[in-house]
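Comments concern the structure below.
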Amino acid sequence: MMRVLVTGAGGFLGRRIVDSLLRQGVTHVRVHVRQAPPKGMIEDLQSRYPQATIEVAQANLLSRGALEPLVEGVDCVVHAAAGMKGAAADMFANTVLTSRNLLEAACAQRVRRIVLISSFSVYEAAKLKEGDVLSESTTPIEPVGVDRGAYGYAKTRQEHMFNEFQRQHGFESVILRPGVIYGPGGGALSSRVGIRALGFFFALGGGALLPLTYVENCADAVAKAALSAPAGSAFSVVDDDLPSCKAYLKRYCREVEPMRCVPVPFWAFRLGARVLVWYHKRSKGQLPAVFTPYVVDSMYRPLRYSNAALKAIGWTQRVSTENGIKLSFQYFKEQLLKK
């Protein structure tokens with residue numbers, strides 16, 4: 001009987017991972033939350049999986065040296081907690097330092113298997129050419145990641161550190177790198193599609209494919225990999241039938257809210273990024289260089305994506321991309337009507 005700890009289990013993805021693990025036959029799950037689980041979450045899980053043991057464990061992952069009780073007695077840790085927002089220092093602390101603290105405790109307790117939820121942002125995608133396939137087997141991760149921005153840097157540092165701990169301690173490691181996780185309760189428009197500014201929506205993604213993964217599909221991939229993947233493996237997590245950023249945005253404007261959209265071609269976006277970096281240096285930082293040519297090359301060049309490695313271990317897409325987008329847009333529309 002495998003005992004699994006899920007960190008960040010009250011979050012958008014984490015709570016679905018818990019459900020997927022139980023759905024796939026795990027009978028003992030420890031649910032990590034910083035303060036308290038979302039209202040009704042544990043009761044709902046217990047009613048749907050009455051034979052399972054579901055523990056709640058409260059812990060602040062920034063508390064170095066105090067996390068061994070959190071991991072004591074578990075066979076597998078699924079580390080889904082991470083800093084997604086805030087200042088660069090906050091993202092670093094809540095992604096890298098928390099992971100260090102957890103890994104120290106897990107290694108001290110000799111946890112057999114540790115699964116890391118990483119990100120597409122760690123891939124060294126800037127070197128790929130238009131139409132190339134980004135995949136875990138052919139695309140290396142960034143050596144440093146600092147050029148990918150605060151979030152990309154934190155996730156890159158996290159993954160390199162994870163691999164260092166694995167080499168030192170020998171636990172079974174599995175890494176999952178999701179693309180754009182979406183669904184009810186999540187964000188409506190990824191920055192890969194574009195950004196809102198000055199009363200307009202600047203469409204940055206154009207005809208590039210949007211590497212979507214519906215949150216339930218992503219959670220199923222994590223659970224399947226945690227239970228079945230060979231040690232040392234890594235997986236890109238994307239769904240089938242991916243839309244282009246342009247098609248996704250057009251449908252969003254039709255089904256959720258109309259917006260004044262300004263298409264920005266890739267060449268113009270990259271040129272603008274070069275000007276932005278130049279002015280950032282000239283003005284001594286008065287205007288932040290949010291988009292650099294490296295970020296544009298990494299995130300917005302039209303690429304293809306593969307989920308073949310996930311399918312090879314038995315993952316299947318539970319929610320079709322069509323239904324996933326439909327359910328998501330219905331939710332986003334309802335949220336707008338409540339405002």
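The values are calculated or read from the model by the stated rules, or taken from the named source; none is laboratory data. Note that the coordinates shown come from a computational prediction; the quantities given were computed from them, not determined experimentally. Every residue, glycine among them, receives a Cβ derived from its backbone with ideal geometry; neighbour counts consider all protein chains shown. Please note that ligands, DNA and RNA were not included when accessible areas were found on the heavy atoms of the full protein model with its side chains. Shrake-Rupley method; radii C 1.70, N 1.55, O 1.52, S 1.80 Å.
Cβ-Cβ distances below 6 Å connect the following pairs, each with a first residue in region 175-190 that is touching a residue at least 12 places away in the same chain (Cβ under 8 Å), a second residue that is open to solvent by 20 Å² or more (accessible area, probe 1.4 Å) and small (Gly, Ala, Ser), and a separation of six or more residues or different chains: 175/234; 180/190.
In region 177-193, the residue that is surrounded by the fewest Cβ atoms within 10 Å (Cβ to Cβ) out of those that are in a loop (DSSP other than H, G, I, E, B) and hydroxyl-bearing (Ser, Thr, Tyr) is 191.
Note on region 230-243: residues that are open to solvent by 50 Å² or more (accessible area, probe 1.4 Å) and either in a helix (DSSP H, G or I) or of a type in the set (A, V, I, L, M, F, W, C) (or both) total 1. Condition check for residue 213 on (1) in contact (Cβ under 8 Å) with a residue 60 or more places away in the chain; (2) among the polar types (S, T, N, Q); (3) surrounded by 22 or more Cβ atoms within 10 Å (Cβ to Cβ): one failure, at (1). Of note, residue 105 satisfies the criterion of being at pLDDT 95 or above and in contact with a helix residue (DSSP H, G or I) (Cβ under 7 Å, 6 or more places away or on another chain). The condition of being open to solvent by less than 60 Å² (accessible area, probe 1.4 Å), modelled with pLDDT of 95 or more, in contact with an Asp or Glu (Cβ under 9 Å, 6 or more places away or on another chain) and not in a strand (DSSP E or B) holds for residue 139. Restricting region 194-216 to residues that are over 26 Å from residue 137 (Cα atoms) and either outside any strand (DSSP E or B) or under 14 Å from the mean Cα position of the chain (by Cα) (or both), the residue that is modelled with the lowest pLDDT is 198. Count of region 161-180 residues, restricted to those that are of a type in the set (Val, Ile, Thr), in contact with a Leu (Cβ under 7 Å, 6 or more places away or on another chain) and under 17 Å from residue 78 (Cβ atoms), is 1. Of all the residues in region 244-269, those that are charged (D, E, K, R) and either in contact with an Asp or Glu (Cβ under 7 Å, 6 or more places away or on another chain) or open to solvent by less than 50 Å² (accessible area, probe 1.4 Å) (or both) number 2. A Cβ distance below 7 Å, combined with a sequence gap of six or more or placement on separate chains, defines the contacts here; from region 71-95, residues that are in contact (Cβ under 8 Å) with a residue 40 or more places away in the chain reach residues that are charged (D, E, K, R) and surrounded by 16 or more Cβ atoms within 10 Å (Cβ to Cβ) in the pairs 73/3; 74/3; 74/30; 75/3; 75/113; 76/113; 95/155.
When you scan region 143-176, how many residues do you find that are of a type in the set (A, V, I, L, M) and in a helix (DSSP H, G or I)? If you could, list the steps in order and put the result at the bottom.
Step one: filter region 143-176 for residues of a type in the set (A, V, I, L, M), giving 144, 146, 150, 154, 161, 174-176.
Narrowing further to those that are in a helix (DSSP H, G or I): 146, 150, 154, 161.
Adding up the residues that qualify gives 4.
Would it be correct to say that residue 310 is modelled with pLDDT under 90 and either open to solvent by less than 80 Å² (accessible area, probe 1.4 Å) or in contact with a helix residue (DSSP H, G or I) (Cβ under 7 Å, 6 or more places away or on another chain) (or both)? For residue 310, the condition - modelled with pLDDT under 90 and either open to solvent by less than 80 Å² (accessible area, probe 1.4 Å) or in contact with a helix residue (DSSP H, G or I) (Cβ under 7 Å, 6 or more places away or on another chain) (or both) - is not met. Does residue 21 count as open to solvent by less than 50 Å² (accessible area, probe 1.4 Å) and over 23 Å from residue 184 (Cβ atoms)? For residue 21, the condition - open to solvent by less than 50 Å² (accessible area, probe 1.4 Å) and over 23 Å from residue 184 (Cβ atoms) - is not met. Among the residues making up region 142-151, a single one is without any contact (Cβ under 8 Å) to a residue 40 or more places away in the chain, open to solvent by less than 40 Å² (accessible area, probe 1.4 Å) and at negative phi: 142.
Here the condition is being in a helix (DSSP H, G or I) and touching a residue at least 12 places away in the same chain (Cβ under 8 Å); of 227, 271, it holds for 227 alone.
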